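To keep things clear, I will list the structure first and then write my remarks on it.
The values are calculated or read from the model by the stated rules, or taken from the named source; none is laboratory data. Just so we're clear, the structure is a prediction, and the values are computed from it rather than from any experiment. Cβ sites come from the backbone with ideal geometry, for glycine too, and all protein chains shown count toward neighbours. Note: areas computed on protein heavy atoms with side chains; ligands, DNA, RNA excluded. Shrake-Rupley method; radii C 1.70, N 1.55, O 1.52, S 1.80 Å.
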Amino acid sequence: MRLGVYTAILHDRGLPEALNAIRDLGLDAAEINVGGFLPPVHMPTIDDILTSDAARDDYLATFAEAGVALAGLNANGNPLDPNPEIGPPTLADIERAIDVAARLGQTRVVTMSGLPGARAEAATPTWIVNPWESSHLDTLEDQWARAVPVWRELDRRAADRGVMIAIEMHPHNLVFNPATLERLIDATGGENIGAEMDPSHLFWQGIDPIAAIDHLGDRVVHAAAKDVRINPAAAVHGVLDDRHTRFTGDRITRIRGGAAINRWPEGSAWDFVALGRGHDQDFWDRFVAALAAVDPDMAVHIEHEDEALGRIEGLETAAEVLLTARDHAG
């Protein structure tokens, strides 16, 4: 099993320095962002890699020199966003990620399913969280009808290039849990669509990630290691805590389309935390063992979003838990 880091947290340094930091953690793999929400900081020469064998070989040599394997590409974003500055460029990034993955000998591209507007003419995405009322169900079915052709073509592209698309089950997307992932696979006939098993967003939905792995089986093709802590405030505000406010000043994080990541509420219902700060070592032991039972060669990458810990401090905390889990899994 490959254990590594999704390198977006290391975008403050160049690729060689990021890979050295991963190696120094005792880890042996990296997942590289190639577009979507974030720019491809650690693969700025995508077009060259697509057209030049020398550029491809030079890029791969950087990993060989560091002793860290390239083990997946990431193009998280919303390919179905009706905003022309977001949806079409993100879809193009995913298509290009599939192409460059094949050039680099990679078989995993991580992304999100995306989310369209409530109507074909809508300007912004609309997430139907629970369509118990019939008009919301009608809206959701229309959204799926517009999403399926896009994903059918992405699946075909991936199949032609020997790549699996690993979808992160994420809120504000059509696919946010195992049932919606299976719906996408069934609707598209998607032989090359699977799950990136990120337990963090499953935790706060009340889903047991290990039960989800057992349920999806070999449709789990890639994994992230990110923890969530459920806080006492959830008893009052619930897990759909909507008390976010806008960031101001230096802490604004920009993503494609000019959107900003909002400020997390004080006394939040739940928080992203480093491994072990939400769920104990026993959980992560069982999580890694469950993934290994599906595929002993699974790549698992730390995604660090614990605001209480610095970049390297958070990675060190998570790496210790993840390496221990791999040792316990044998």
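For the reader, a short list of remarks on this structure follows.
- Mean-position separation - Cα centroids, the range 91-127 and the range 42-65, in angstrom: 22 Å
- The range 1-327, accessible area per residue, ligands and nucleic acids excluded (1.4 Å, Å²): 43 Å²
- Shown are Glu191, Glu303, whose ranking by accessible area with a 1.4 Å probe and every protein chain present, most to least, is Glu191, Glu303.
- Over the chain, dividing the summed -39,500 (n - 2.57) contributions of all DSSP H runs of at least 4 residues by the number of residues returns a 222 nm mean residue ellipticity of -13000 deg cm²/dmol.
- The range 1-327 - Rg (one decimal) and Dmax (whole number), Cα, Å: 19.0, 58
- Inter-label distance for Leu137 and Asp327, nm, one decimal - labels placed 7 Å from Cα along Cα-to-Cβ: 5.3 nm
- With both residues required to sit in the chain, DSSP beta bridges show an antiparallel share near 20%.
- Taking amide H positions as modeled 1.01 Å from N, with prolines and chain starts lacking one, the residues under 5 Å from Val273 and 5 or more places away or on another chain are Asp227, Val228, Arg229.
- Cα shape, the range 27-105, gyration tensor, a/c 1.5 rule: prolate
- Only Lys, Arg (+1) and Asp, Glu (-1) charged, at Cβ; the range 1-327 dipole about Cα centre in debye: 480 debye
- Normalised by residue count, the range 1-72 yields a Cα convex hull volume of 87 Å³ per residue.
- Accessible area (Å², 1.4 Å probe, nearest 10) - Trp127: 50 Å²
- Surface/4 estimate of mean projected area, convex hull on alpha-carbon atoms of the range 176-247, nm²: 6.5 nm²
- Note on Arg152 and Glu121: the model spin-label points, each 7 Å out from Cα along the C-beta direction, lie 2.6 nm apart.
- Amide H contacts under 5 Å for Asn33, placed H, 5+ residues apart: Thr7, Ala8, His42, Asn74
- Against the empirical curve 2.2 N^0.38 Å, the C-alpha radius of gyration of the range 167-213 lands at a ratio of 1.08.
- Ratio of Rg to Rh over the range 17-172 (Cα coordinates, Kirkwood Rh, two decimals): 1.05
- On the chain, 50 percent of the accessible area sits on carbon and sulfur atoms, based on a 1.4 Å probe.
- A simple spin-label model places pseudo-atoms 7 Å from Cα toward Cβ; at Trp144 and Asp282 they are separated by 3.8 nm.
- Of Ala223, Ala269, Ala30, the one that fluctuates the most in a GNM where the chain has Cα springs shorter than 10 Å: Ala269
- For the range 1-105, size of Cβ-based charge dipole, Lys and Arg +1, Asp and Glu -1, in debye: 240 debye
- A P(r) calculated from all alpha carbon pairs of the range 76-143, with 5 Å bins opening at zero, reads 4, 17, 21, 18, 14, 11, 8, 5, 2, 0 percent.
- Other residues lying with their Cβ under 13 Å from the Cβ of Asn173 contribute a combined charge of -3, Lys and Arg counting +1, Asp and Glu -1.
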